[in-house]
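What follows is one structure encoded as structure tokens, with my remarks underneath.
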Amino acid sequence: MRLARMLWFGALMAVLIVPLLWAGLVHGGAVRHWSQARWDSASLAPDPATTPEAVVQVYAARAWGWKGVLAVHSWIVMKRAGAPAFERYEVVGWGVGRGAPAIRRNMRPIDGFWAGNPPHVVLDRRGPEVEALIDQIDAAIASYPFPDQYRTWPGPNSNTFVAHIGREVPALGLDMPALAVGKDYLGNGGLLGRTPSGSGFQVSLLGLLGMSIGRIEGLEINLLGLTIGIDPLGLALKLPGVGRLGLT
């Protein structure tokens, strides 16, 4: 029994530590001051002039500095049918301690680099049915329970905000990145909730310890905000510092 416990503990440490060491080597190099990093467009978003339909997208990019070893920053953009431009919404911590709102609108290019880190598209929904989803997203933004709060870890942070929108608008089917530290922070004493995709349920203790299971997320275990999981339908593993490893 003792040997079995030691083997399980060793396996758990390997799953946690080895991916983090790899991420530290790859993403933990010298970082310039955030003001000198790239924030311009990565040319991923569709051109509103040639995209008349309604569009909703979610982006994520590695966070700035050492935080990028562990986590991504995520945000949501949307455009109604015929609109000449997108709108970008996200939560940031800069200035919140001095009274600034945590939710920011159109602070950066909709598909911009985040402190030098390239973004990737997490979700892309287009078409006539998206117009109604945008109405629901507007309501979800208005109902976000932490509009004047920010805490890097375990939340509420940018990923808490985007995950909240996913829970409130389950038709999005939002699969939050495995590196979205803060996505499991339910806050306000909540222990039980839907997964951000709306396809399952989760239990979470202040975003520090919990478990979730859903059709889209698969099975995820949250340890101190870090995600370890498996997605059987997508044939993928989810590892701290690495994120999703799979065929899809």
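Worth a mention:
- Count - residues of region 41-76 that are over 23 Å from residue 222 (Cα atoms) and crowded, with 21+ Cβ neighbours inside 10 Å: 6
- Residue match in region 119-138 (condition: surrounded by 21 or more Cβ atoms within 10 Å (Cβ to Cβ), farther than 17 Å from residue 88 by Cα, within 15 Å of the chain's Cα centre (by Cα) and not hydroxyl-bearing (Ser, Thr, Tyr)): no
- Any hit, region 209-217, residues being under 22 Å from residue 91 (Cα atoms) and touching a strand residue (DSSP E or B) at 6+ places or on another chain (Cβ under 9 Å): no
Rule-based calculations on the coordinates, nothing more; no lab input. All values derive from a computational prediction rather than experimental measurement. Because the Cβ atoms are built from the backbone with ideal geometry, glycine has one as well, and the counts that use them run over all protein chains shown.
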